[in-house]
Amino acid sequence: ATGGHAVRGNYCIHNHLGVILRIIAKIIKIMDYKWYEEMNCAVTVCDNDGNIIFMNRKSRDTFAEGTDRLVGSNLRACHSDRSWDTIQRLLKTGGTNSYTIHKKGVKKMIYQTAWFENGKVMGLVEISMVIPEEMPHYER
């Protein structure tokens, strides 16, 4: 009788283990999915020194002719003194900055925010997206 329980117990354990492994596989697949690559906005990430460490496809297309040639370069090289001061402030305070621009006949919203690891500022993320000239605004 004990042997029968052990077999059923092992079957149960193996069955639950199989379910758990399938769930873990799904989580890994979701985490491995590079959703940020095909976003319809430019995502650029820098480290705490202002060195570019990541550009998604739209960012590479917008700023680097589709290449990753800017990864590793410093943001200081392509920003005015005023913009660089803002970048430095955001890196120091962990803050955010947002604004709109017109560039090449297109209106864009720029959102810059610090990213953190274990509560410490590690760099900035900039998201640049095309927005319509006129946008509805809702109070919620």
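Would you mind computing, in nm to one decimal, how far apart the modelled labels at F116 and W35 are, each placed 7 Å from Cα along Cα→Cβ?
Using points 7 Å along Cα→Cβ, the separation is 2.1 nm.
What is the distance in Å between the Cα centres of the stretch 79-118 and the stretch 31-73?
Cα centroid to Cα centroid, the span is 15 Å.
Once ligands and nucleic acids are excluded and a 1.4 Å probe is used, how much of C78 is accessible, expressed in Å² to the nearest 10?
Answer for C78: close to 90 Å² accessible.
Kindly sort K92, K58, K34 by accessible area of their heavy atoms, largest first, with the probe set to 1.4 Å.
Per-residue accessible area, sorted high to low, gives K92, K34, K58.
With a 1.4 Å probe and all protein chains in place, put T44, T93, T67 in order of accessible area, largest first.
Output order, biggest surface exposure first: T93, T67, T44.
I'd like the Karplus ³J(HN,Hα) series for the stretch 43-52: coefficients 6.51, -1.76, 1.60, θ = phi - 60°, whole numbers in Hz, and an x wherever there's a Gly or Pro.
Once rounded to whole Hz, the list reads 10, 10, 10, 10, 8, 5, 9, x, 7, 5.
For a quick check of understanding: with a 1.4 angstrom probe and all protein chains in place, what accessible area in square angstrom does S73 have, to the nearest ten?
Answer for S73: close to 40 Å² accessible.
Using a Förster radius of 30 Å, what is the FRET efficiency between K104 and N48 based on their Cβ-Cβ separation? Nearest 0.05, please.
0.45
Could you give each residue of the stretch 53-67 its phi-based ³J(HN,Hα) in whole Hz, using Karplus coefficients 6.51, -1.76, 1.60 with θ = phi - 60°, and x for Gly or Pro?
Rounded to whole hertz, the list is 10, 7, 9, 6, 4, 5, 5, 4, 5, 6, 10, 9, 6, x, 9.
How much accessible surface does M129 have with a 1.4 Å probe, in Å² rounded to 10?
Number for this one is 70 Å².
Ignoring ligands, DNA and RNA, what percent of the 1.4 Å accessible area of the stretch 17-119 is carbon and sulfur?
Ligands and nucleic acids excluded, carbon and sulfur reach 56 percent.
Please list F54, F116 from largest to smallest accessible area, probe radius 1.4 Å, with all protein chains kept in place.
Heavy-atom accessible area, descending, gives F116, F54.
The values are calculated or read from the model by the stated rules, or taken from the named source; none is laboratory data. All of these numbers come straight from a predicted model, not from anything done at the bench. With ideal geometry, Cβ positions are generated from the backbone for all residues, glycine too; neighbour counts draw on all protein chains shown. Protein only, heavy atoms only, side chains kept; ligands, DNA and RNA dropped before computing areas. Shrake-Rupley method; radii C 1.70, N 1.55, O 1.52, S 1.80 Å.
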